[in-house]
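Novice: Handing you this structure, nothing more for now.
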Amino acid sequence: MSPLNAALRAWVLRAFPRGESGIDYDQPAGDPGLFGPDSATWIVHADFPGMLSGGLCALMLQTLQPAALAGVWDHSNFREDLVGRLRRTTNFVAGTSYASHAEAMRLVERVRRIHARVQGVTEAGQPYRADDPALLTWVHVTEAYGFLQGYRRYCGPVPAADADAFYDETRVVAELLGAREVPRSEAAVAGYLRQVQPQLAFTERSRTVLGILAQLRLPVPLPGLSRDVFLGAGAALLPEWASTLLQRTPAQKRQAQVAAATLRALAPVFRAALRDGPAQRACLRTGHAPDWIRRGFPR
């Protein structure tokens with residue numbers, strides 16, 4: 001492993017340590033989990049640069065939904081432990097993607113129990129519940145959108161049929177959590193995002209959460225630079241309407257493009273350094289190592 005490969009591998013494992021989630025990716029032998037090794041989901045979710053930047057893009061989008069934001073504001077320790085929140089989300093996505101069927105269902109049931117306790121009122125005094133199907137659909141769509149756009153920007157093109165397959169596959173997890181009417185194609189996602197825009201707002205809470213995100217310090221060398229690269233690369237994935245609503249300045253947009261170019265250049269090195277993660281372990285469990293492990297799309 002080259003020095004740069006080794007440095008980036010150490011960076012990832014310090015930011016997102018393995019073996020602490022309690023998720024079993026190795027048993028039982030032959031179990032394909034919720035998706036299986038030939039799925040579009042396994043390809044997209046295996047790419048670390050695309051997933052981290054895409055997840056940060058989703059977080060920015062989610063600050064625009066008053067009910068989703070209120071749930072985080074009222075019931076999360078994001079102010080003190082934003083890194084922990086990111087790790088928990090990362091573990092849930094990885095586990096439901098690559099662990100066995102029973103393990104994935106265990107994770108889903110745990111989140112359902114948490115959601116059942118999360119309720120309150122928004123800044124405007126409107127009641128919300130974390131298990132509201134419409135709210136669950138919003139959170140899912142923003143994440144799936146971010147992950148797919150992250151793969152496209154920092155890994156490679158995704159054929160239209162595979163993009164549709166990705167959205168159709170990943171809606172399964174959203175529906176298990178209680179979401180309803182989840183868009184199942186790229187065109188349906190685009191239509192959904194147009195439909196919900198009148199419900200979104202950039203509020204003082206949005207500004208506060210984004211400010212905390214902008215000060216995120218992962219436990220890694222050069223934490224400020226690392227944050228700026230990934231956060232900027234995530235912002236570069238935002239649709240133009242969201243950038244406008246988030247009041248992003250021309251300077252911020254230029255910084256995001258620089259960060260995106262930096263991550264695009266580093267992405268192949270990240271992949272070379274991370275060849276033993278959940279995706280590879282799941283392939284060993286199923287006894288099937290498809291070509292995408294080496295080259296991605298087309299399958």
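Novice: Just the residues that are of a type in the set (V, I, T), in contact (Cβ under 8 Å) with a residue 40 or more places away in the chain and in contact with a Leu (Cβ under 7 Å, 6 or more places away or on another chain), please, taken from the stretch 210-246.
Specialist: The initial filter retains those residues of the stretch 210-246 that are of a type in the set (V, I, T), namely 212, 220, 229, 244.
Remaining after also requiring in contact (Cβ under 8 Å) with a residue 40 or more places away in the chain: 212, 220.
I212 - this is the single residue of the stretch 210-246 that is of a type in the set (V, I, T), in contact (Cβ under 8 Å) with a residue 40 or more places away in the chain and in contact with a Leu (Cβ under 7 Å, 6 or more places away or on another chain).
Novice: For W241, state whether it is among the aromatic types (F, W, Y), open to solvent by less than 70 Å² (accessible area, probe 1.4 Å) and touching a Lys or Arg at 6+ places or on another chain (Cβ under 8 Å). Show your work before the answer.
Specialist: Numbers: among the aromatic types (F, W, Y): yes; open to solvent by less than 70 Å² (accessible area, probe 1.4 Å): yes; touching a Lys or Arg at 6+ places or on another chain (Cβ under 8 Å): no.
No; evaluated as a whole, the condition is false for this residue.
Novice: Find all pairs meeting these conditions: Cβ atoms under 6 angstrom apart; at least six residues apart or on different chains; first residue within the stretch 278-299 and within 18 Å of L34 (Cβ to Cβ); second residue assigned to a helix (DSSP H, G or I) and among the aliphatic types (A, V, I, L, M).
Specialist: Going by the 6 Å Cβ cut-off, the qualifying pairs are P278/A94; W292/I43.
Novice: In the stretch 38-55, which residue that is assigned to a loop (DSSP other than H, G, I, E, B) and over 12 Å from P278 (Cα atoms) is modelled with the lowest pLDDT?
Specialist: Here is the first cut: in the stretch 38-55, the residues assigned to a loop (DSSP other than H, G, I, E, B) are 38-39, 45-47.
Right, trim to over 12 Å from P278 (Cα atoms) and you get 38-39.
Values: D38: 90, S39: 95.
If we take residues in the stretch 38-55 being assigned to a loop (DSSP other than H, G, I, E, B) and over 12 Å from P278 (Cα atoms), then D38 is modelled with the lowest pLDDT.
Novice: Take the stretch 207-226 and flag every residue that is open to solvent by 40 Å² or more (accessible area, probe 1.4 Å), in a helix (DSSP H, G or I) and among the polar types (S, T, N, Q).
Specialist: Once the filter is applied, which keeps residues that are open to solvent by 40 Å² or more (accessible area, probe 1.4 Å), in a helix (DSSP H, G or I) and among the polar types (S, T, N, Q), the stretch 207-226 yields only T208.
Novice: Being touching a helix residue (DSSP H, G or I) at 6+ places or on another chain (Cβ under 7 Å) and either among the acidic types (D, E) or open to solvent by 40 Å² or more (accessible area, probe 1.4 Å) (or both) narrows it down to one of F16, F48, so name that one.
Specialist: Matching residue, one of F16, F48: F48.
Novice: Check whether at least one residue in the stretch 283-296 is under 19 Å from the mean Cα position of the chain (by Cα) and at pLDDT below 95, and report yes or no. Step through it out loud before you land on a result.
Specialist: Keep residues of the stretch 283-296 that are under 19 Å from the mean Cα position of the chain (by Cα), which gives 296.
Now drop any that are not at pLDDT below 95, which leaves 296.
Yes.
Novice: Continuing with this model, one more query. Across the stretch 94-112, which residue is nearest to the chain's Cα centre (by Cα) among those that are open to solvent by 20 Å² or more (accessible area, probe 1.4 Å), within 21 Å of H75 (Cβ to Cβ) and in contact (Cβ under 8 Å) with a residue 40 or more places away in the chain?
Specialist: Going through the qualifying residues, I end up with V111.
Novice: What are the residues in the stretch 158-178 that are in a loop (DSSP other than H, G, I, E, B) and surrounded by fewer than 21 Cβ atoms within 10 Å (Cβ to Cβ), if any? Write out each step before concluding.
Specialist: The initial filter retains those residues of the stretch 158-178 that are in a loop (DSSP other than H, G, I, E, B), namely 158-159, 178.
P159, G178, listed by residue number.
Novice: Let me ask something else about it. Just give me the residues in the stretch 113-131 being over 18 Å from R85 (Cβ atoms) and open to solvent by 40 Å² or more (accessible area, probe 1.4 Å), in sequence order.
Specialist: Correct list: A116, Q119, V121, E123, A124, G125, Q126, P127, R129, D131.
Novice: If a residue must be touching a helix residue (DSSP H, G or I) at 6+ places or on another chain (Cβ under 8 Å) and open to solvent by 20 Å² or more (accessible area, probe 1.4 Å), how many such residues does the stretch 132-146 contain? Reasoning before the result, please.
Specialist: Keep residues of the stretch 132-146 that are touching a helix residue (DSSP H, G or I) at 6+ places or on another chain (Cβ under 8 Å), which gives 132, 135-146.
Filter once more, keeping what is open to solvent by 20 Å² or more (accessible area, probe 1.4 Å): 132, 139-140, 143, 145.
Number satisfying all stated conditions: 5.
Novice: Which pairs do you get when a residue that is touching a residue at least 60 places away in the same chain (Cβ under 8 Å), found in the stretch 62-76, comes within reach of a residue that is of a type in the set (S, T, N, Q), reach meaning Cβ atoms under 6 angstrom, with the pair 6+ apart or on two chains?
Specialist: Listed by first residue and then by second, the contacts come to Q62/T142; T63/S206; P66/T122; A67/T122; A68/Q62; L69/T63; A70/T122.
Novice: Which one of the conditions (1) surrounded by 20 or more Cβ atoms within 10 Å (Cβ to Cβ); (2) more than 21 Å from the chain's Cα centre (by Cα) does A279 fail to meet, given that it meets all the rest?
Specialist: It fails just one condition, (2).
Novice: Which members of the stretch 101-149 meet the condition of being of a type in the set (F, W, Y) and assigned to a helix (DSSP H, G or I)? Can you show your working first?
Specialist: The initial filter retains those residues of the stretch 101-149 that are of a type in the set (F, W, Y), namely 128, 138, 145, 147.
Scanning the stretch 101-149 gives W138, Y145, F147.
Novice: A29 versus (1) open to solvent by 40 Å² or more (accessible area, probe 1.4 Å); (2) under 24 Å from L86 (Cβ atoms); (3) touching a helix residue (DSSP H, G or I) at 6+ places or on another chain (Cβ under 7 Å); (4) of a type in the set (G, A, S): which is the lone unmet condition?
Specialist: Of everything listed in (1) open to solvent by 40 Å² or more (accessible area, probe 1.4 Å); (2) under 24 Å from L86 (Cβ atoms); (3) touching a helix residue (DSSP H, G or I) at 6+ places or on another chain (Cβ under 7 Å); (4) of a type in the set (G, A, S), A29 misses just condition (2).
Novice: Examine the stretch 67-74 for a residue that is farther than 25 Å from L218 by Cα, aliphatic (A, V, I, L, M) and either in a helix (DSSP H, G or I) or touching a strand residue (DSSP E or B) at 6+ places or on another chain (Cβ under 7 Å) (or both), and state whether such a residue exists. If you could, list the steps in order and put the result at the bottom.
Specialist: Of the residues in the stretch 67-74, the ones farther than 25 Å from L218 by Cα are 67.
Right, trim to aliphatic (A, V, I, L, M) and you get 67.
Applying the additional criterion that residues be either in a helix (DSSP H, G or I) or touching a strand residue (DSSP E or B) at 6+ places or on another chain (Cβ under 7 Å) (or both) yields 67.
Yes: the stretch 67-74 contains one or more residues that are farther than 25 Å from L218 by Cα, aliphatic (A, V, I, L, M) and either in a helix (DSSP H, G or I) or touching a strand residue (DSSP E or B) at 6+ places or on another chain (Cβ under 7 Å) (or both).
Novice: Would it be correct to say that R152 is charged (D, E, K, R), surrounded by fewer than 16 Cβ atoms within 10 Å (Cβ to Cβ) and either assigned to a helix (DSSP H, G or I) or in contact (Cβ under 8 Å) with a residue 24 or more places away in the chain (or both)? Please lay out each step first, then the result.
Specialist: Numbers: charged (D, E, K, R): yes; surrounded by fewer than 16 Cβ atoms within 10 Å (Cβ to Cβ): no; either assigned to a helix (DSSP H, G or I) or in contact (Cβ under 8 Å) with a residue 24 or more places away in the chain (or both): yes.
In short, no.
Novice: Follow-up question, since we're still on this one. Looking at E181, E204, can you tell me which residue is at positive phi and either modelled with pLDDT under 95 or open to solvent by 50 Å² or more (accessible area, probe 1.4 Å) (or both)?
Specialist: Residue meeting the stated conditions: E181.
The values are calculated or read from the model by the stated rules, or taken from the named source; none is laboratory data. This structure is a prediction, so every number in the text was calculated from the model and none was measured. Backbone-built Cβ (ideal geometry, glycine too); neighbour counts: all protein chains shown. What goes into the accessible areas is simple: the full protein's heavy atoms, side chains included, and nothing from ligands, DNA or RNA. Shrake-Rupley method; radii C 1.70, N 1.55, O 1.52, S 1.80 Å.
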